[in-house]
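The values are calculated or read from the model by the stated rules, or taken from the named source; none is laboratory data. Predicted, not measured: the structure shown is a model, and the values here were computed from it. Don't worry about glycine lacking a Cβ; one is built from the backbone with ideal geometry, like all the others, and counts go over all protein chains shown.
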Amino acid sequence: MMPNTIKLYDNDAYQTHFCASVLSCELRDKPLDKPQSHLQSQSQCHSPNDGKADSGKPLYDIILDQTLFFPEEGGQNADSGSLNSHPILDVQIKDGLIRHTTDVPFSPGSQVEGQIDWQPRYSNMQQHSGEHILSGLVHARFGYDNVGFHLGIKNVTLDFNGFFTPEQLEQIESLANEAIWKNIAIDAAYLPKEQLDALEYRSKIELTGPVRIVTIPGYDVCACCAPHVKRTGEIGLIKITDAIKYKGGMRISIQCGDRALEDYRMKQQQLSAVSVLLSAKLEAAADAVGRLKDENFALKGQIMALQTALMEQKANAVPADAANLLLFEPRLESGVHKKYVNLLAAKCPGICAVFAGSDREGYRYLIASSSQDVRPLHDRLKKELPAKGGGSKEMVQGSCSASREQVYSLFDSCGIPFTGQAAKDQRP
């Protein structure tokens, strides 16, 4: 029976280089479950359709006697790095054995050198330690449990079985950053069963076998298998970036350390650009956007009033003998568009269709009739042109990316006689 892989990252999460013996090397006969996001940017991700790398090489699962590679586990993505300078494409754990996926085989019994990509490893350590502080504070102050956790290459989310007000989230965020400023030592150790039985600690699942407890004095005691920073000061910053209702509770998104700094820089750049465009100071940008929104709303109301008056004039100008109408208009507000079609349908006994937009941007359309079922015509429109939409027998609406000439041709082929403002008379 193969012995469990020794987890070197449990002893020293800051070590980046190690040597190990190859216990087994098996040809992988199935594709990886998912690409590692942090490897995609390096063009090293696998094909999703077979058990081969993008290069066409077969994939191999390597088991070592010991490793520094943290596998995908506990909601956290796997470490990236290399074995003998060959990239690791995935790291998974099952029954105590850690499998390293590569596109190069290694002979059982041979010695290999492993190298961890330090920057993503350390970033994960910052994120995970920050999550523990937040979750511990939430559990202590509100009694909510962390029932879901995901630490990906970009997003970190925490799912809680309770709800927070914006003020409560700000309070938790402030207290979490106070823990950083105190620079508290973080301890991670496997405890004997007697101590575990007497210890109160957080855990999302029932645990069997050795249990590793991560302790942040005064903030959290939690079972965890992942690498952590040595002291809270290394987290740098904890920032809550989003909070939404999710599965009867709330999902909170956070950024810590290097990711929080990157997020701040991005938002600072965006806000600076907005303030320049609005000729407003950074601190007054939101007020300027509010004023711009109000002005836009007022202008939109004026446009709708002018469009309504114009469409009423056009509807009144339709000849009395017009039976069917196919009309094209530039961009119309949706409310005006519908009112225009209703006015036409009330005046003309046949089918009235109004397409608003342009060949370049596409068209929104309304087709109505007070005497005929317009759905058969609409079915042809959807079948023969790239159009989509729906409605009732009296009126249908939708959008299409066809040209005006294509619409003319389709209506011509339907054998519908147009009189008055006929479609052909409007062609450019």
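Run down L97, L134 and say which single residue is out of contact with any Lys or Arg (no Cβ under 6 Å at 6 or more places or on another chain), closer than 22 Å to A13 by Cα and not assigned by TED's automatic domain parsing to the domain that holds S253.
Exactly one residue qualifies, and that residue is L97.
Of (1) of a type in the set (D, E, K, R); (2) over 13 Å from A223 (Cα atoms); (3) touching a Ser or Thr at 6+ places or on another chain (Cβ under 7 Å), D187 satisfies all except one. Which?
(2)
Is it the case, given these coordinates, that A53 is outside the structural domain of H150 (by TED's automatic domain parsing) and at pLDDT below 95?
Considered against the rule, which asks whether it is outside the structural domain of H150 (by TED's automatic domain parsing) and at pLDDT below 95, A53 comes out as yes.
Among the numbered criteria (1) modelled with pLDDT under 95; (2) assigned to a loop (DSSP other than H, G, I, E, B); (3) within 24 Å of the chain's Cα centre (by Cα), which single criterion is violated by L39?
Here L39 meets the rest and fails (2).
Do we find a residue being of a type in the set (V, I, T) and either modelled with pLDDT under 90 or over 25 Å from K300 (Cα atoms) (or both) anywhere in segment 357-367?
No, segment 357-367 has no match at all.
Could you run through segment 330-339 and say how many residues are farther than 21 Å from D359 by Cα and either of a type in the set (D, E, K, R) or at pLDDT 95 or above (or both)?
Residues meeting the conditions: 1.
Surrounded by 14 or more Cβ atoms within 10 Å (Cβ to Cβ), within 13 Å of S135 (Cα to Cα), more than 28 Å from the chain's Cα centre (by Cα) and without any contact (Cβ under 8 Å) to a residue 60 or more places away in the chain: is that true of Y219 in this structure?
no
Determine the pairs where a residue that is more than 15 Å from V354 (Cβ to Cβ) and in the same structural domain as R404 (by TED's automatic domain parsing), located within segment 306-329, has a partner that is of a type in the set (S, T, Y) and surrounded by fewer than 20 Cβ atoms within 10 Å (Cβ to Cβ) with Cβ atoms under 6 Å apart, the partner being 6 or more residues away or on another chain.
D321/T419; A323/T419
To keep it simple, each residue is scored yes or no on (1) buried (at least 18 other Cβ atoms within 10 Å of the Cβ); (2) outside the structural domain of G415 (by TED's automatic domain parsing); (3) in a strand (DSSP E or B); (4) among the β-branched types (V, I, T).
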residue: D287; (1), (2), (3), (4): no, yes, no, no
residue: C352; (1), (2), (3), (4): yes, no, yes, no
residue: R364; (1), (2), (3), (4): yes, no, yes, no
residue: K383; (1), (2), (3), (4): no, no, no, no
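Please pick out the residue among L158, L169 that is under 15 Å from G130 (Cα atoms) and in contact with an Asp or Glu (Cβ under 8 Å, 6 or more places away or on another chain).
L158
Give A309, A285, A280, A243 a once-over and let me know the one that is more than 27 Å from E170 (Cβ to Cβ), out of contact with any His (no Cβ under 9 Å at 6 or more places or on another chain) and hydrophobic (A, V, I, L, M, F, W, C).
The conditions single out A309.
Check Y122, Y144 and return the single one that is touching a strand residue (DSSP E or B) at 6+ places or on another chain (Cβ under 9 Å), modelled with pLDDT of 95 or more and among the aromatic types (F, W, Y).
Result of the check over Y122, Y144: Y144.
Could you please give the count of residues in segment 144-195 that are surrounded by fewer than 15 Cβ atoms within 10 Å (Cβ to Cβ) and of a type in the set (F, W, Y)?
Qualifying residue count for the region: 3.
Of all residues in segment 1-23, how many are β-branched (V, I, T) and outside any loop (DSSP other than H, G, I, E, B)?
Residues meeting the conditions: 2.
State all residues of segment 184-219 that are within 24 Å of I252 (Cα to Cα) and of a type in the set (S, T, N, Q); if no residue qualifies, say none.
S203, T215
Checking the conditions here, which among K300, K247 is modelled with pLDDT under 95 and touching a strand residue (DSSP E or B) at 6+ places or on another chain (Cβ under 8 Å)?
Unique residue meeting the criteria: K247.
So, in segment 218-271, exactly how many residues are assigned to a loop (DSSP other than H, G, I, E, B), of a type in the set (D, E, K, R) and under 24 Å from P71 (Cβ atoms)?
Summing the residues that are assigned to a loop (DSSP other than H, G, I, E, B), of a type in the set (D, E, K, R) and under 24 Å from P71 (Cβ atoms) in segment 218-271 gives 1.
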